[in-house]
Amino acid sequence: MRKTPLLLLLSAFLTACPSASLPVVVEAPRAYVPRAIGAADTTVTLKGLNFNVKSASVGGKPASILEQTSTSLKLKLENPLGVGDFRLELTNTDGKTFSSDNGINVVASSLLSGEIDQEKLVLTLKSSPSARVKGLLEAAGFVLERELAPLVSGGTGICSQVIVTLKDSRAANRTVEEALNALAELLGPELNQGEFEPNPFVIERGPDASSTSSGESRFTPRAVAVAPDYSKLNLQVAVLDTGVSNHSAFRYSDGTRIPENVVNFAAGRNFTLEGSGLSDVTDLRTGYPVADSGTSNVGHGTAVAAAIAAPVPSNQIGLPGVAPKVSILPVKVCDRGGNCGTPSLVAGICYAASLSSATVKPVKVLNFSIGGRTPNRLLYQALKDAAERGISVVVSAGNKALSGNPTIFPAAYANNYSSSYPAIPGLIVVGSIGSNDGPSFPSVFSSYGPWVSVSTKGEYVNLPNSSDLDAKNTYGYFTGTSFAAPLVAGMVVKIMQQRPTWSPAEIKKFLVDTANPVPNCPNNRCGAGQVNFYYLPNSILL
């Protein structure tokens with residue numbers, strides 16, 4: 001493992017032209033690679049040829065020139081750089097100004113924080129690397145561990161690119177910059193962007209998610225207020241999670257229909273390296289203990305899916321989902337330990353996005369009860385792509401309020417996290433609240449910040465806690481923002497039934513405008529307040 005206190009800033013490749021925008025390159029057609037290594041967010045070192053610069057700016061902010069040689073330029077920025085795409089402008093000693101028209105695509109992460117894996121790189125390429133390039137990568141110490149083909153045909157977005165995971169087998173013997181220089185020479189302009197793999201994002205398990213019950217829960221006011229059947233809606237809700245299993249919660253109350261009527265197992269996809277193949281979306285055991293057996297139990301994804309779509313049970317055991325019988329598309333992006341890697345997450349989002357314009361059962365809602373502490377540019381771009389295709393994306397706020405309340409991603413992308421990470425339109429972030437048969441109050445574990453949109457109950461939600469691996473098909477009480485988010489995803493379905501032409505931004509605005517304030521809860525903790533599940537667009541004048 002490399003040991004360095006520096007920040008990693010991995011740039012995109014900008015194609016140089018002999019007489020065009022980047023004259024700092026004199027050996028055309030060599031690519032100009034503004035790669036940056038700095039001791040803090042406020043310094044950037046650019047690598048190139050024959051710098052002769054009088055003034056510079058990055059992202060529209062002036063930059064002081066600290067050092068300059070014929071091959072490098074070290075800049076000190078007026079403000080911290082942050083993370084993302086930045087336009088570089090240089091003015092040479094002749095008074096001519098030149099810019100990087102495509103920006104500098106950087107990913108900044110503290111190497112001392114332990115939040116990135118310096119041996120793993122996730123790259124997006126314009127096309128699949130040839131056998132020759134793969135051989136050169138291997139000779140340079142980069143092992144190709146995984147390659148995912150584009151999931152959306154045409155276009156230039158991330159979902160139309162090849163996703164490659166590399167392992168640097170020489171990480172212990174070369175610096176980060178040396179590794180990046182090697183990749184620059186091998187991949188050239190084929191490389192769109194890349195970053196070192198953050199520690200895996202995780203499913204947002206709450207502090208009491210393991211508590212179980214016999215399943216004798218009765219209906220709640222929320223349950224009896226929902227419409228009885230959303231199966232006829234021409235849409236699907238993509239649940240990006242640990243998979244979904246054949247729990248009895250998904251069987252219709254008359255017992256005559258099969259679970260596939262609710263969960264679209266046939267179209268589900270597995271983008272992890274677990275299971276028996278792409279179609280295996282089984283919700284493998286994810287570490288929840290079972291009180292009476294001592295074994296680990298299922299399933300985050302099964303519980304999340306049931307909170308959205310479980311039909312009304314005939315025996316009143318368990319609770320129906322907020323939008324009973326709406327079609328669920330299971331997309332497995334997290335392994336049995338609840339860890340979710342960048343390639344799986346991006347591929348899962350892109351798969352859902354590829355179905356957003358389908359004629360039959362298009363994906364219109366995406367539930368993402370997953371979070372991590374490290375900004376992830378590739379994940380941001382995939383979610384933005386999905387939102388721009390008309391998908392309402394619902395994410396959990398996180399459960400880290402008692403651990404210093406670190407910023408949780410992708411929740412923070414609902415706000416203008418930085419100038420290079422503008423808010424994703426329509427992204428709905430859900431916090432957790434609780435109640436003791438009285439006024440609601442914010443859950444002490446629920447992560448907070450200006451990105452929280454709304455809140456709903458996320459404490460002791462009665463949901464399935466077994467799978468086809470466990471014939472008991474029991475229920476338990478689950479706690480965490482993971483289980484608040486799907487309740488709101490179900491509400492989004494209800495809104496879509498009434499207003500099918502509304503955009504994700506319009507749906508989010510309706511949720512915010514109709515939320516009930518939570519006493520003694522500031523906006524950055526509960527957002528606009530508690531979701532009003534009884535308030536639908538058909539009951540107001542628009």
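The values are calculated or read from the model by the stated rules, or taken from the named source; none is laboratory data. Here the structure is a predicted model, which is why all the values come from computation and not from measurement. Cβ sites come from the backbone with ideal geometry, for glycine too, and all protein chains shown count toward neighbours.
Structural remarks
- Of all positions in region 424-447, none carries a residue that is farther than 27 Å from Asn520 by Cβ, at pLDDT below 95, assigned to a strand (DSSP E or B) and of a type in the set (Gly, Ala, Ser).
- Filter result (surrounded by 24 or more Cβ atoms within 10 Å (Cβ to Cβ) and assigned to a strand (DSSP E or B)) within region 332-371: Lys332, Cys340, Val363, Lys364, Val365, Leu366, Asn367, Phe368, Ile370, Gly371
- Among the residues of region 524-534, none is identified as without any contact (Cβ under 8 Å) to a residue 24 or more places away in the chain and either over 14 Å from Thr456 (Cα atoms) or not in a loop (DSSP other than H, G, I, E, B) (or both).
- Only a single criterion out of (1) part of a loop (DSSP other than H, G, I, E, B); (2) in contact with a strand residue (DSSP E or B) (Cβ under 8 Å, 6 or more places away or on another chain); (3) without any contact (Cβ under 8 Å) to a residue 60 or more places away in the chain is not satisfied by Tyr413, namely (1).
- Some residue of region 324-331 being more than 26 Å from Glu388 (Cβ to Cβ) and surrounded by fewer than 23 Cβ atoms within 10 Å (Cβ to Cβ): no
- Top-ranked residue of region 120-158 - restricted to ones that are assigned to a strand (DSSP E or B) and free of Cβ contacts under 8 Å to residues at least 40 places away in the same chain, ranked as surrounded by the most Cβ atoms within 10 Å (Cβ to Cβ): Glu147
- Cys526 fulfils the conditions (1) surrounded by 20 or more Cβ atoms within 10 Å (Cβ to Cβ); (2) modelled with pLDDT of 95 or more except for a single criterion, (2).
- Among the candidates Pro519, Pro537, Pro504, residue that is of a type outside the set (A, V, I, L, M, F, W, C) and under 16 Å from Gly431 (Cα atoms): Pro519
- Restricting region 490-518 to residues that are closer than 22 Å to Asn399 by Cβ and in contact with a Phe, Trp or Tyr (Cβ under 8 Å, 6 or more places away or on another chain) leaves a set whose member that is modelled with the highest pLDDT is Met491.
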